[in-house]
Amino acid sequence: MFKSDVKVTLVRAKARVAPLKPFSIPRLELMACCIGSRLANSIVNALNLPNLRITFWSDSTTALWWIKEKRSWSVFVENRVKEIRQLTRGHLWKHVPGNLNIADLLSRGCSPRQMLISRWWEGPLWLRESPEYWPLGETPGDSEEVELERKKIKSGKY
C-alpha cells in the first residue's frame, strides 16, 4: 500500500438530466466527458493552475475511443470531441471499469443513506494509491457503437 498525504476532495460538480430528444448511451457519455472537460478547465483557470497535470477517467469505452482516435466522426460527435481535445490538451484520458467507477453510484440510483455510506464525494479508494495501483486505463478495441458515428463519405462508405 502506498502511504502518502493524498487527499481527494470534491471541488465542483455538475449534473444534467437526459435531454428530451432521445440520445444513445454513448452520446450521453460523450456529453458527460465534455461537461467534465469544461468543469476541469474552469477550475484550472479559476485557481490559476495552468501546469496542473490532470487524468480524466470514463467508463465509456466508446466515448474514449472517439476522443482518442483521429477519424472523421458524425457532426454531433466531431463537435464534442473537438471541444474536449481543445480543453484537455496534454492531459490523459483513461478507462475505469464500471465496477470501479464510484461516480456512477448516483446515476444508478441510490438512497441518501447509501450515498452517505459510500462517501462518493471522496472519490474511489484506489485514487489515493500510487498510480501503479490504479486501473490500467486502457481503452478496449473498436466496437460497433464507435463505427455508428463514423462520418460517411459521398459513396456511402466510411
Fill in the blank from the handout: Taking the range 22-76 and the residues there that are open to solvent by 60 Å² or more (accessible area, probe 1.4 Å) and closer than 25 Å to LEU136 by Cβ, the one that is nearest to the chain's Cα centre (by Cα) would be TRP57
Handout entry: the range 99-113: number of residues that are more than 12 Å from the chain's Cα centre (by Cα), surrounded by 13 or more Cβ atoms within 10 Å (Cβ to Cβ) and part of a helix (DSSP H, G or I)
Key = 4
Exercise for the section: Could you check, for the range 68-80, whether at least one of its residues is among the aliphatic types (A, V, I, L, M) and closer than 24 Å to TRP134 by Cβ? Expected result: no
Completion exercise
Selection from the range 1-57 of residues of a type in the set (S, T, N, Q) and more than 21 Å from SER130 (Cα to Cα) yields SER24, SER37, ASN41, SER42, ASN45, ASN48
Practice task
Give the residues of the range 123-148 that are at pLDDT 85 or above and of a type in the set (D, E, K, R), sorted by residue number.
Solution key: ARG128, GLU129, GLU132
Practice task
For the range 98-147, name all the residues that are over 26 Å from VAL81 (Cβ atoms) and hydrophobic (A, V, I, L, M, F, W, C).
Solution key: LEU105, CYS110, MET115, LEU116, ILE117, TRP120, TRP121, LEU125, TRP126
Fill in the blank from the handout: Filtering the range 77-91 down to residues that are of a type outside the set (D, E, K, R) and surrounded by 14 or more Cβ atoms within 10 Å (Cβ to Cβ) yields VAL77, VAL81, ILE84, LEU87, THR88, HIS91
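The values are calculated or read from the model by the stated rules, or taken from the named source; none is laboratory data. Just so you know, these numbers come straight off a predicted model, no measurement behind them. Cβ sites come from the backbone with ideal geometry, for glycine too, and all protein chains shown count toward neighbours. Remember, those area values only see protein heavy atoms, side chains included, never the ligands or the DNA or RNA. Shrake-Rupley method; radii C 1.70, N 1.55, O 1.52, S 1.80 Å.
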